[in-house]
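The values are calculated or read from the model by the stated rules, or taken from the named source; none is laboratory data. Everything numeric here is computed off the predicted structure, so don't read it as measured data. Virtual Cβ from ideal backbone geometry, glycine too; neighbours counted across all protein chains shown. The protein model used for the area step is the full one, side chains on, heavy atoms only, and it has no ligands, DNA or RNA in it. Shrake-Rupley method; radii C 1.70, N 1.55, O 1.52, S 1.80 Å.
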Amino acid sequence: MLTQSSVLDNATAGHVRRLAGQAAAIDGTAPLNESARLALTDPRPGRVSHWLTGEPDEPAGYAQLDRRDGSVQLFVAPAARGRGLGGRLAEAVQRSGTARIWWAFGDLPGARVLAGRLGLQPVRGLLKMSLPMTGRDPAPIRQLPGGLRLDHFRDGDLAGLVQVNHAAFSHHPEQGGLTTADFTARMASDWYRDRDLLVARDTAGGLAGFHWTKLTSESGQPVGEVYVLAVAPGSAGRGVGGALLDAGIMHMQARGVLRIDLYVEAANDRVVELYRRSGFTTTHTDLVYGPSDGEQDG
């Protein structure tokens, strides 16, 4: 049974999350990123499309198409693999005529096989980089340039935060398109705290950049993440990014994190090198597949 909808009810979204957890435990990587997980309960019809295989109260596979950028995320529950369900889901998404790119988290063998069947090839890479903190001595931090001071997010900063993010990531297919509603949804997460969102504030109170740190736990141990690091184009090249990165590392280290993770575009050599100079190393690679002829699917 294959169904499509523009909105999932809470029970079905819960089933999908449970299956995604099962897949992550087997594959060693989550099959849906944060944006897709949030979209499971997004009440706005038309933003995403959902496909499910299996019985309505017990789905065996799931696919999501984000209609803003044509990106697809798809997985099959471990117990239901080997039955061709992934292929049927992918074909249904393709028939929609709006799929452009397909995420393959962890670059798993099954994803490579499916991509080949669909006539897709790798078009983009996303690196996960990590910085172990165990036994690491606090390092000297780079200072913000004159006229800027380090602060944290405060009431009234949201519009400026969205503006800086949009300008800094205008080239980025997902991050640059985040809206005020997207930011608000992330700030409603149980891990969010204002003091973990560091900002570089100018003398007029405006934002020159920000380092949104994320602190969660893994097996009962605290783990940090460079969730978003953004610098307004007008402040680029002044050392703002490096100073914010250092401040965030020190902030998370003071919280006793086991390590700090981040995600960065593989093709962004300048930013990758910034993180490498700070001690981060690549631990995982996600791929994005697209049509081999450069045209949209369907």
Taking the residues in the range 103-135 that are among the basic types (Lys, Arg) and surrounded by 13 or more Cβ atoms within 10 Å (Cβ to Cβ) as candidates, determine which candidate is nearest to LEU262 (Cα to Cα). LYS128
Is at least one residue of the range 247-256 open to solvent by 40 Å² or more (accessible area, probe 1.4 Å), touching a residue at least 24 places away in the same chain (Cβ under 8 Å), assigned to a strand (DSSP E or B) and of a type outside the set (Asp, Glu)? no
Restricting the range 201-215 to residues that are free of Cβ contacts under 8 Å to residues at least 24 places away in the same chain and not in a strand (DSSP E or B), which is least open to solvent (accessible area, probe 1.4 Å)? GLY205
Could you please let me know if LEU197 is surrounded by 12 or more Cβ atoms within 10 Å (Cβ to Cβ), farther than 30 Å from LEU108 by Cα and in contact (Cβ under 8 Å) with a residue 24 or more places away in the chain? yes
Scanning the range 140-162 for residues that are open to solvent by less than 80 Å² (accessible area, probe 1.4 Å) and farther than 21 Å from ARG195 by Cβ gives PRO145, GLY146, GLY147
Output the qualifying pairs, or none if there are none: Cβ atoms under 7 angstrom, residues six or more apart or on different chains, first residue in the range 35-64 and within 17 Å of ARG18 (Cβ to Cβ) and in contact (Cβ under 8 Å) with a residue 24 or more places away in the chain, second residue open to solvent by 90 Å² or more (accessible area, probe 1.4 Å) and outside any strand (DSSP E or B). LEU40/ARG17; THR41/ASN10; THR53/MET1; THR53/ARG88; GLY54/MET1; GLU55/MET1
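Taking HIS172 as the residue in question, decide whether it is closer than 25 Å to THR41 by Cβ and either part of a loop (DSSP other than H, G, I, E, B) or hydroxyl-bearing (Ser, Thr, Tyr) (or both).
yes
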